[in-house]
Amino acid sequence: MAFNDGLNMGGSYYAATANPAPEHAMLDGEVDVDLAIVGAGCTGLSAALHAAQRGMSVAVLEGGKVGWGASGRNGGQVIPGLRKGAVELVAAFGRERARALFDLALEARALVGELIETHKIDCDFSTNGHLLAAVKESDVADMAAEAECLAEVMDYHEMELLDRAGVQKQVASDYHGGLLDRRGGHMHSLNYALGLASAATAAGASIYEHSPAVSLSRGALSLVRTPKGVLRARRVLLAGDALLHGLEPEANNRIMPVANYVVATAPLANARELIPADVAISDSRFVVNYYRLTVDGRVLFGGGERYTPEPPRDIAAFVRPHLEGVFPQLRGVAIDHAWGGLVSITRTRLPHLGRRGDVWFAHGYSGMGVILSTLGGKLAVEAMLGETERFDLFAAVAPPAFPGGVALRAPLHVLGMLWFALRDRL
Ligand SMILES: Cc1cc2nc3c(=O)[nH]c(=O)nc-3n(C[C@H](O)[C@H](O)[C@H](O)COP(=O)(O)OP(=O)(O)OC[C@H]3O[C@@H](n4cnc5c(N)ncnc54)[C@H](O)[C@@H]3O)c2cc1C
């Protein structure tokens, strides 16, 4: 099995509909670069693009295939902001800092739009909005408070609070209300990542596939070794997210991988009756259901998490009840694709951007990385070039390590997660 093709990525909707893309050779021998990047997801690829544009020599090591990590297998939901909402941000950091963090996160949305346009990335980018749907009556009041805080503190006026009938115009399912963000949307995630890769190589970056970084040693020049080669670099960016494993415990123990599963139905004749305005939707459950249409009329639906390392034997059967719970009218629908991936979450649900000497990291977007990862890579490069202010905004609120470190984070956290998941069911 290749490095990042687990959980049936090869059977995913994204792999089946990927744009043609070049294969990249394996690293063989020694190469000197200004910047070595570990991981060709959107964090690493965005960093590669921005670094190459700024005149750095760059090499990206990818253990498997470009974009086959979380970046090319996610729900494709474009959700402006951070996992921590505006109300929570203000409570935690005060108005000024909360606003600065939120502004940066919003920039991610603009940056992704610009990159898609500039590099003509063909990724079905749809900008009709993102709807957060309320599963409980009390969620609606929370959403009203969030919209008010966004308008008042963040000067963000793109939110529309919808009542039950308003939500039904957006989606043929029953919710108590919802919050529509007009700057949201969805995209074909793998094609976006492949487009970033091609922009990065056009700018001069080298990408090596099937080249897992197996060790990292620091010095005046850091050495990143793969089974057949070594990169010697002044700076290293670790952009492996949930797949980074043991390469850098200091970074790795701040995130926890949680497996999440996705299906795509067969194309449906009545797809637009289900989601008439073609918005992306996620609901307010702790174990979120998230879904959207694809350009060929499928419902692409993510739902259900598992905190145990073993994936379900039949991913489609695992996700189906969640899909049919939202759309009872799809009972028995044919499911063409089913796959899974690892979402990296942090304890604060804020991303972890930081550095130790010349080794930098950006990861842990906590389920919001479709657009934040592109920003994370760019901010890391800016900071390497001495423009540290924006990177430091996130670095200053770096999430703490999971108690128990890498060995114990899962069992301890699982207990907490299961409790919240149980509350959903109750
Ligand atoms: C199922 C699923 C659904 C999601 N849905 C959404 C969504 O709808 N909206 C949203 O905003 N976010 C979503 N996310 C989160 C989002 O996809 C991630 O936050 C984001 O893609 C992270 O990007 P990345 O580049 O940091 O990591 P990745 O895309 O995972 O890239 C890391 C890369 O590094 C490589 N790598 C790791 N270690 C090494 C090593 N030692 N050597 C060489 N290569 C290595 C991996 O193979 C991988 O290709 C979802 C995630 C999953 C898994």
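The values are calculated or read from the model by the stated rules, or taken from the named source; none is laboratory data. Everything quoted here is computed from the prediction, not taken from an experiment. Please note: Cβ atoms are built from the backbone with ideal geometry, for glycine as well, and neighbour counts cover all protein chains shown.
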Open item on the list: All but one of (1) of a type in the set (Gly, Ala, Ser); (2) within 8 Å of the ligand (Cβ to nearest atom); (3) at pLDDT below 95 hold for Ala2; state the number of the condition that does not hold.
Closed with: (2)
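Sort out for me the helices (runs of 4 or more DSSP H) sitting completely within region 73-185 that have 1 or more residues that are modelled with pLDDT of 95 or more and touching a Lys or Arg at 6+ places or on another chain (Cβ under 6 Å). Full working, then the answer.
On the way: elements: 86-118, 137-152, 164-170.
Per the criteria, 86-118.
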Open item on the list: Can you confirm whether Ala220 is touching a Lys or Arg at 6+ places or on another chain (Cβ under 7 Å) and either part of a helix (DSSP H, G or I) or aliphatic (A, V, I, L, M) (or both)?
Closed with: no
TODO: Go through (1) more than 14 Å from the ligand (Cβ to nearest atom); (2) among the aliphatic types (A, V, I, L, M); (3) surrounded by fewer than 24 Cβ atoms within 10 Å (Cβ to Cβ) one by one and return the number of the condition Ala205 breaks.
DONE: (3)
TODO: Look at region 243-263 and say how many of its residues are within 12 Å of the ligand (Cβ to nearest atom), crowded, with 23+ Cβ neighbours inside 10 Å and in a strand (DSSP E or B).
DONE: 4
TODO: Please indicate, with yes or no, whether at least one residue in region 52-65 is away from the ligand (no atom under 11 Å from the Cβ), crowded, with 24+ Cβ neighbours inside 10 Å, touching a residue at least 60 places away in the same chain (Cβ under 8 Å) and part of a helix (DSSP H, G or I).
DONE: no
Task: Boolean, Arg298 is modelled with pLDDT under 95 and of a type in the set (Lys, Arg) - done: no
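Hey, among the residues in region 342-353 that are in a strand (DSSP E or B) and closer than 17 Å to Ile79 by Cα, which one's nearest to the ligand (Cβ to nearest atom)?
The initial filter retains those residues of region 342-353 that are in a strand (DSSP E or B), namely 342-345, 352-353.
Those still in the list that are closer than 17 Å to Ile79 by Cα too: 343-345.
Working: Val343: 4, Ser344: 7, Ile345: 9 Å.
If we take residues in region 342-353 being in a strand (DSSP E or B) and closer than 17 Å to Ile79 by Cα, then Val343 is nearest to the ligand (Cβ to nearest atom).
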- [ ] Quickly run through region 66-89 and pick out the residues that are of a type in the set (A, V, I, L, M, F, W, C), under 16 Å from Met159 (Cβ atoms) and buried (at least 20 other Cβ atoms within 10 Å of the Cβ).
- [x] Val78, Ile79, Leu82, Ala86, Leu89
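Residue by residue through region 322-372, note down the ones that are β-branched (Val, Ile, Thr) and within 29 Å of Gly113 (Cβ to Cβ).
Listed by number, the residues that qualify are Val326, Val343, Ile345, Thr346, Thr348, Val370, Ile371.
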Task: Single condition Asp278 does not satisfy, out of (1) more than 16 Å from the chain's Cα centre (by Cα); (2) part of a strand (DSSP E or B); (3) within 30 Å of Leu89 (Cα to Cα) - done: (2)
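Here is a yes/no grid of residues against (1) part of a strand (DSSP E or B); (2) near the ligand (Cβ under 8 Å from one of its atoms); (3) aromatic (Phe, Trp, Tyr); (4) modelled with pLDDT of 95 or more:
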site	(1), (2), (3), (4)
Arg355	yes, no, no, yes
Phe361	yes, no, yes, yes
Val381	no, no, no, yes
Phe391	no, no, yes, yes
